[in-house]
Amino acid sequence: MPQDSSHMDPTADPHRVVVIVDENSNPFELGCATEVFGLRRPEIGRDLYDFRLCSPEPSTLMRDGFFTLTGVAGLEAADSADTLIVPNRPDVDVPRRPAVLDAVRRAHERGTRLVGFCSGAFTLAEAGVLDGRRATAHWQWADSFRARFPAVHLEEDVLFVDDGDILTAAGSAAALDLGLHIVRRDHGAEIANSVSRRLVFAAHRDGGQRQFIERPVPDIPDESLAPLLAWAQERLDAPLTVSGLAARASVSTATLHRRFQAQLGTTPLAWLTRERVALACRLIERGESRFEMVARRSGLGTAANLRALLRRETGLAPSAYRRRFGPGAG
């Protein structure tokens, strides 16, 4: 059975994240993994993860020969991972070396959580661990992936897919989205927000958002949603509506919908609901035990609505979320 990493005892040894780096791997996704899982967190007061790099060879030439990576552990380090991030690279038609695929298979068999960024989904599929499973990959390789791996349920045009013990991201910035999603899943919304602030990156983009978001040339000097979003985030406990948000922005509801789709890849109501659920999570983590109060202060209205939406967004009931991420958890 996969390990339950959604609740980590802060007094225990940190969860070990290992990244396999192979020939022609992409430096950007390696940097994303390092930023999210590898940095020390003095602002939190403890290290969230034990982070290691490993490679099949002592010297690994990165993508397009940009640089050579040396001084990392051998591939055997993958056998001690709690979470294993598999290698990706732009030449998806070149098979991975058997030693890497064997390491992925061994990890999967012992219940290690597997993560593929961008073309890392090809590595997972080559290892045979994605058959019958949900996954995503960069939109430009969707047709190739589907043709080569018909047994995988490829979800096109989403940022990332969380299929329990196997998670995949579409690529590039989506690697950061998935990384923060994993931190949120492991340590709760408050710590994930702290990590995102240090990254100066959006705290939560839902995995189901579109990979490619149109950004048409504006027909007015400034149609950014940022002022409206900031205004709404300060008033989540108020009876905000889509028509009210449109009025605040001095546009029609149809125009507001178009701008949300173009700039965020989602709808105003879906964004508002996710922001309220995120606030509810933070309130529970900070010690608010009265769920009716959490529901009112987050704008979710009732404890019943809180239960339904929290379970939908996190997979946990409020009481279970409090046990895992509330004060004194662990």
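The values are calculated or read from the model by the stated rules, or taken from the named source; none is laboratory data. Note that the coordinates shown come from a computational prediction; the quantities given were computed from them, not determined experimentally. No Cβ is skipped: glycine too gets one built from the backbone with ideal geometry, and neighbour counts run over all protein chains shown.
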Of the criteria (1) in the same structural domain as ALA147 (by TED's automatic domain parsing); (2) under 23 Å from SER196 (Cα atoms); (3) at pLDDT below 95; (4) surrounded by 13 or more Cβ atoms within 10 Å (Cβ to Cβ), which one MET8 fails: (1)
Residues within region 223-240 that are surrounded by 12 or more Cβ atoms within 10 Å (Cβ to Cβ) and farther than 18 Å from LEU264 by Cβ, tallied: 2
Of residues in region 141-171 being at positive phi and surrounded by fewer than 17 Cβ atoms within 10 Å (Cβ to Cβ), the one nearest to the chain's Cα centre (by Cα): GLY164
The listed residue being over 27 Å from SER59 (Cα atoms) and either hydroxyl-bearing (Ser, Thr, Tyr) or in contact (Cβ under 8 Å) with a residue 24 or more places away in the chain (or both), out of ASP143, ASP91, ASP157, ASP79: ASP157
Selected residue [at pLDDT below 85 and acidic (Asp, Glu)] from GLU288, GLU214, GLU275, GLU234: GLU214
Selection from region 73-84 of residues that are under 16 Å from GLY38 (Cα atoms), crowded, with 18+ Cβ neighbours inside 10 Å and not acidic (Asp, Glu): ALA77, ALA78, ALA81, THR83, LEU84
The listed residue being under 23 Å from LEU178 (Cα atoms) and in contact with a Pro (Cβ under 6 Å, 6 or more places away or on another chain), out of ASP79, ASP50: ASP50
Elements of type helices (runs of 4 or more DSSP H) contained in region 140-211, each with 2 or more residues being at pLDDT below 90 and farther than 17 Å from GLY128 by Cα: 173-187, 189-199
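Can you tell which of ARG40, ARG113 is out of contact with any helix residue (DSSP H, G or I) (no Cβ under 7 Å at 6 or more places or on another chain) and buried (at least 19 other Cβ atoms within 10 Å of the Cβ)?
On inspection, the qualifying residue turns out to be ARG113.
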Per-region count, region 88-140, residues of a type in the set (Gly, Ala, Ser) and more than 17 Å from the chain's Cα centre (by Cα): 8
Unmet criterion (only one of (1) crowded, with 17+ Cβ neighbours inside 10 Å; (2) under 27 Å from HIS187 (Cβ atoms)) for LEU256: (2)
Any hit, region 120-132, residues being without any contact (Cβ under 8 Å) to a residue 40 or more places away in the chain, over 14 Å from LEU101 (Cβ atoms) and touching a strand residue (DSSP E or B) at 6+ places or on another chain (Cβ under 8 Å): yes
Scan of region 122-168 for residues that are among the acidic types (Asp, Glu) and more than 15 Å from ASN88 (Cα to Cα), ordered by number: ASP131, ASP143, GLU155, GLU156, ASP157, ASP162, ASP163, ASP165
Test set (1) at pLDDT 90 or above; (2) among the charged types (D, E, K, R); (3) assigned to a loop (DSSP other than H, G, I, E, B) - GLU43 fails condition number: (1)
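Results for (1) over 30 Å from SER194 (Cα atoms); (2) among the β-branched types (Val, Ile, Thr), shown as yes or no for each residue.
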residue: GLY31; (1), (2): no, no
residue: GLU43; (1), (2): no, no
residue: LEU61; (1), (2): yes, no
residue: GLY74; (1), (2): yes, no
residue: THR83; (1), (2): no, yes
